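First up is the structure itself, then whatever we jot down about it.
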Amino acid sequence: MLLHSREIILASGSPRRREMMEQMGFKVHVRPSDIPEIPDENEGPMAYTRRLCEEKARSVSSNLDSDLWVLAADTVVVQDEKILEKPGDFEHAVSMLKLLSGRWHEVITSFCWNRADVLRVESVTTRVKFWDLDAKTIADYVNSGEPMDKAGAYGIQGLGGLLVEEIEGSFHSVVGLPISHVVRMLNALESESK
């Protein structure tokens, strides 16, 4: 089955993730977790996103009185092995975009489905290349406000798409949820439980 018309719990406050799941026909109940988004010492980007989404899913599931599936996800931008999360202020956003300018970087999104004793995590890595960006382009983009709540200080689905020269992999993963992977995993989990 491609499309769904049932209820899930989304362990994320991201309006983009909610919108993507609703576009697929899901009725989404938002229950953000309060798991701190801080990498452990020597934790790599992939391990970090996998741990976070698993902890988010378990945290929300533990407080449920229903048998609904819980979906959690976490996205990071990685450049030179450094995790670039949401910028703290204008200068932080500018420095991130300067680092990404004219270069390839990776976007890693891990997601997790959890219900009762079933928990499955998957990660999707996409490579993105930015155009060479001049100082005015960067400042204008940061002044738009768009980068401030986005990993790596850009949103590919908005004005940030103008910064992108090339992409290899899942566009939706860069937005924050690799939707086809997410739905395929849920289909597989439900088939296994029949």
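Brief remarks on what is shown
- With a cut-off of 12 Å between beta carbons, the residues surrounding Asp149 carry a summed charge of +1, where Lys and Arg count +1 and Asp and Glu -1.
- As computed over segment 56-194, the Cα convex hull volume per residue (Å³): 114
- Rounded FRET efficiency, nearest 0.05, which uses the C-beta distance separating Leu64 from Lys129 and R0 of 45 Å: 0.65
- Solvent exposure of segment 70-194 amounts to 45 Å² per residue of accessible area, where only protein heavy atoms count and the probe is 1.4 Å.
- 0 to 90° range, to nearest 10: angle between helix 179-192 axis and the chain longest Cα axis: 20
- Euclidean distance between Cα centres, segment 26-81 to segment 163-194, Å: 15
- Virtual paramagnetic centre 7 Å along Cα→Cβ of Asn42, amide N under 19 Å, in segment 70-109: 81-83
- Note on segment 112-186: Cα convex hull, mean projected area over all directions, 5.8 nm².
- Carbon + sulfur, % of accessible area of segment 1-131 - ligands and nucleic acids excluded, 1.4 Å: 48
- Across segment 140-155, computed HN-Hα scalar couplings (Karplus, 6.51 cos²θ - 1.76 cosθ + 1.60, θ = phi - 60°) run 4, 5, 5, 5, 5, x, 4, x, 5, 10, 10, 4, x, 6, 8, x Hz from first to last residue, x flagging Gly and Pro.
- Considering only Ser95, Ser110, Ser33, the Gaussian network model of the chain with Cα springs below 10 Å gives its largest mean-square fluctuation to Ser95.
The values are calculated or read from the model by the stated rules, or taken from the named source; none is laboratory data. Note that the structure is predicted; figures quoted are calculated from it, not measured. With ideal geometry, Cβ positions are generated from the backbone for all residues, glycine too; neighbour counts draw on all protein chains shown. Accessible surface is based on the protein model in full, side chains and every heavy atom, while ligands, DNA and RNA are left aside. Shrake-Rupley method; radii C 1.70, N 1.55, O 1.52, S 1.80 Å.
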